[in-house]
Every structure is written in C-alpha cells, then in structure tokens.
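Asker: Can you read through this structure? Questions will come right after.
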Amino acid sequence: MKKIKIIQLLNTLLLCLFVLTSSCGKSKMDPNRPLGAEGKRQKNIQEGRGVTLGGLLGNAGGTNYEFSTSNPMWRASLETLDFLPLTTVDYSGGVIITDWYSQNGSQDSIKLTIRFLSNEIRSDSLKIIVHKKSCKNNQNCVTNISRSNVIKDELRSTILRKAALLQKSDKDKK
C-alpha cells in the first residue's frame with residue numbers, strides 16, 4: 001500500500017515537473033521569438049515599442065506623442081471660445097462643451113459643443129452643435145438644437161483660420 005502511494009506521488013511530481021519545464025525554451029509556435037533580455041529589447045526597439053535613450057537623443061522611433069499644445073485645431077478652438085464659460089474640455093476625448101451664454105442679460109442663450117473628428121485643418125474635422133435656449137421668464141424655458149447654420153459656419157471658419165495661422169507660425173519657428 002505504501003509503495004502504491006509512493007509511486008503515485010512520484011508520478012504526480014514527474015507530471016508537474018514535465019508541465020512546468022515544457023514551456024521553457026524557444027517556442028515552436030513562433031520561431032521569431034527572441035531569447036533573453038537583449039533579444040527582446042532589440043525586437044522592441046525595431047518595432048518602435050518601449051522607451052529607449054536613443055529615441056530621446058534624436059533617433060526617431062515608432063511612437064508619436066501629441067499634446068494639446070501641439071494641436072493647432074485645439075488651440076484655435078480654445079482661443080476662439082475664450083469669452084465663453086467652458087464646462088467640459090477633454091483633449092483625449094476630443095470635445096469642448098461651453099456653458100449657457102447670453103449677451104447683455106438677453107432672454108435667449110446658447111451653448112456650444114465642438115467635437116474634433118480629426119487633427120487635420122479641414123472643415124470636416126469639426127462637428128459643431130449649437131444649442132439654443134429661449135426663456136419667456138426665469139421658469140419657462142425652451143431648449144433645442146439651433147437649425148441656423150450662421151453661428152456654426154462663422155465659428156468653423158474662425159477656428160480654421162486661426163488654426164492655419166497657428167500651424168504656419170509653428171512651422172516658421174522650426
């Protein structure tokens with residue numbers, strides 16, 4: 001009885017040892033998989049992944065980081081809307097939403113939503129939604145999306161004009 005338990009225990013240990021060691025070594029499924037830290041590092045550098053000191057010293061890698069200060073469309077939009085109170089400004093989500101704005105205590109107010117569909121300076125890179133609120137008194141207000149394209153078109157052309165000027169000045173600085 002003891003011999004059978006010892007044999008079962010040895011078989012179990014051998015099976016565990018086989019399972020644990022069978023995944024070691026170079027994979028037969030992927031012959032291009034590098035072995036060791038040096039091989040993995042070289043492969044990551046070739047694919048443009050990871051952080052390398054060479055990339056910081058001017059060796060161009062495959063990673064492209066873009067920040068809001070380097071995006072002329074984003075900067076032009078914020079400069080154009082600087083007189084409006086902003087409720088949501090999300091660069092990673094590509095959206096700017098203003099708060100309700102009325103001029104000189106008017107009963108009508110507007111709210112703008114700008115969505116960035118692309119970083120390119122083109123008219124179809126922006127989606128502008130103008131919400132309009134009309135109030136007869138402080139409690140009786142009607143809100144809807146404005147059908148008038150006057151505000152949208154003027155805002156779009158102003159942003160595109162400023163973005164083009166900002167991009168030109170950035171190129172001139174370089």
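Asker: Name the residues whose placed amide hydrogens come within less than 5 Å of the amide hydrogen of residue 86, ignoring near sequence neighbours (fewer than 5 apart) on the same chain.
Answerer: 99
Asker: Over the range 68-173, calculate the relative contact order: mean separation of alpha carbon pairs under 8 Å at least 6 apart, over the residue count, as a percent.
Answerer: Values: 157 pairs, mean separation 24.7, N = 106.
It comes to 23 percent, rounded to a whole number.
Asker: How much space per residue, in cubic angstrom, does the convex hull of the C-alpha atoms of the range 133-174 take up?
Answerer: Details: hull volume 4.0 nm³, N = 42.
Roughly 96 Å³ of hull volume per residue.
Asker: Rounded to the nearest 20 Debye, what is the dipole magnitude of the range 68-173 about its Cα centre when Lys and Arg each give +1 and Asp and Glu each give -1 at the C-beta?
Answerer: On the way: 16 positive and 11 negative charges, 46 e Å.
Here the size comes out at about 220 debye.
Asker: May I ask you to compute the full-extension gain from residue 118 to residue 95, defined as 0.36 nm times their residue separation minus their alpha-carbon distance, rounded to one decimal in nm?
Answerer: The residue 118-residue 95 span can extend by a further 7.1 nm.
Asker: Taking a threshold of 20 Å on the Cα-Cα distance, which of the pairs 111/136; 127/174; 127/152 fall above it?
Answerer: Numbers: 111/136 18 Å; 127/174 30 Å; 127/152 9 Å.
Going by Cα-Cα distance, 127/174 fall outside the 20 Å limit.
Asker: Here's another thing I want to ask about it. What is the distance, in nm, between label points placed 7 Å from the Cα along the Cα-to-Cβ direction at residue 86 and at residue 70?
Answerer: In this crude spin-label approximation the distance works out to 1.9 nm.
We did not get these values from a lab; they are worked out from the coordinates using the rules stated. Since we're looking at a predicted model, the values are computed, not measured. Note that each Cβ is placed from the backbone with ideal geometry, even for glycine, and that neighbours are counted across all protein chains shown.
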